[in-house]
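The values are calculated or read from the model by the stated rules, or taken from the named source; none is laboratory data. Values in this document were obtained by computation on a predicted structure and should not be read as measured data. Ideal geometry is used to build each Cβ from the backbone, glycine not excepted, and the neighbour counts take in all protein chains shown.
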Amino acid sequence: MTIGVKKVSLTRTTRDQIFLPAIFEGLLTTAKHFFKNTLTPGMGDIETIRYGDPDVDVKDYYPDRFRGVHRLMYREDGSVRCVACMCCSTVCPANCIAIEAEDRNDDREKAPLSFVIDELKCVVCGFCVEACPCDAIRMDTKEHMQPTETRAEAVLGKVDLMSRGGPSVAVQGGVSPDYRAEAPKADPRFSHDPR
């Protein structure tokens with residue numbers, strides 16, 4: 001079996017080579033959409049998030065599954081729920097979690113001596129939360145990482161993470177409602193009524 005080679009010649013016109021007609025065509029399309037959606041009452045035919053609208057307070061609203069800054073949950077006695085199983089640090093694609101297990105000489109459950117997350121490395125994927133078998137780490141704080149002056153301020157230790165945390169209310173098993181069916185109805189940023 002032989003493979004044949006087909007030669008194809010590329011012919012370009014002067015119009016194609018100077019690129020100006022294509023640039024003007026793109027600018028015309030952009031201008032058309034801009035004026036159509038800014039001058040038309042009710043924001044035209046596009047649906048958009050209306051930042052700065054006095055009727056919708058956008059900054060206070062976050063979807064139910066918004067991934068905020070990490071936090072560590074604790075038990076009723078105040079001890080951290082983490083058992084230093086290393087699942088979160090193993091699954092982390094950015095390698096931003098470092099855990100050092102505490103060496104205990106008794107029968108108590110294993111715990112982390114240090115638990116450090118570098119929020120500047122974090123890609124906010126949520127894999128650490130999914131991998132945790134004991135509901136120790138969460139990303140449901142509803143807050144963004146605050147701007148920092150130095151890298152050290154963005155590295156959160158066990159004390160910082162537990163101060164954001166709370167007592168765990170995890171329930172074993174159960175079925176939650178369908179998020180994809182309920183979330184669009186709950187989002188006040190999108191206006192479905194024409195103004």
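Worth pointing out:
- Residue check for Thr90: without any contact (Cβ under 8 Å) to a residue 12 or more places away in the chain, at negative phi and hydroxyl-bearing (Ser, Thr, Tyr): no
- Taking the criterion of being free of Cβ contacts under 8 Å to residues at least 24 places away in the same chain and in contact with a Pro (Cβ under 8 Å, 6 or more places away or on another chain), the residues of region 93-131 that qualify are Ile99, Glu100, Ala101, Glu102.
- Taking region 155-195 as the range and being modelled with pLDDT of 85 or more, outside any helix (DSSP H, G or I) and not hydrophobic (A, V, I, L, M, F, W, C) as the test, the residues that pass are Gly157, Gly165, Gly166, Pro167.
- For Glu109, the requirement of being more than 12 Å from Val80 (Cα to Cα), modelled with pLDDT under 95 and over 19 Å from the mean Cα position of the chain (by Cα) is not met.
- If only residues of region 98-154 that are in a loop (DSSP other than H, G, I, E, B) and of a type in the set (S, T, N, Q) are counted, the one that is surrounded by the most Cβ atoms within 10 Å (Cβ to Cβ) is Thr141.
- Selected residue (criterion: nearest to Gly126 (Cα to Cα)) from residues of region 80-93 that are assigned to a loop (DSSP other than H, G, I, E, B) and out of contact with any Asp or Glu (no Cβ under 9 Å at 6 or more places or on another chain): Cys92
- Some residue of region 158-167 being in the same structural domain as Thr90 (by TED's automatic domain parsing), surrounded by fewer than 16 Cβ atoms within 10 Å (Cβ to Cβ), closer than 22 Å to Cys92 by Cα and not aliphatic (A, V, I, L, M): no
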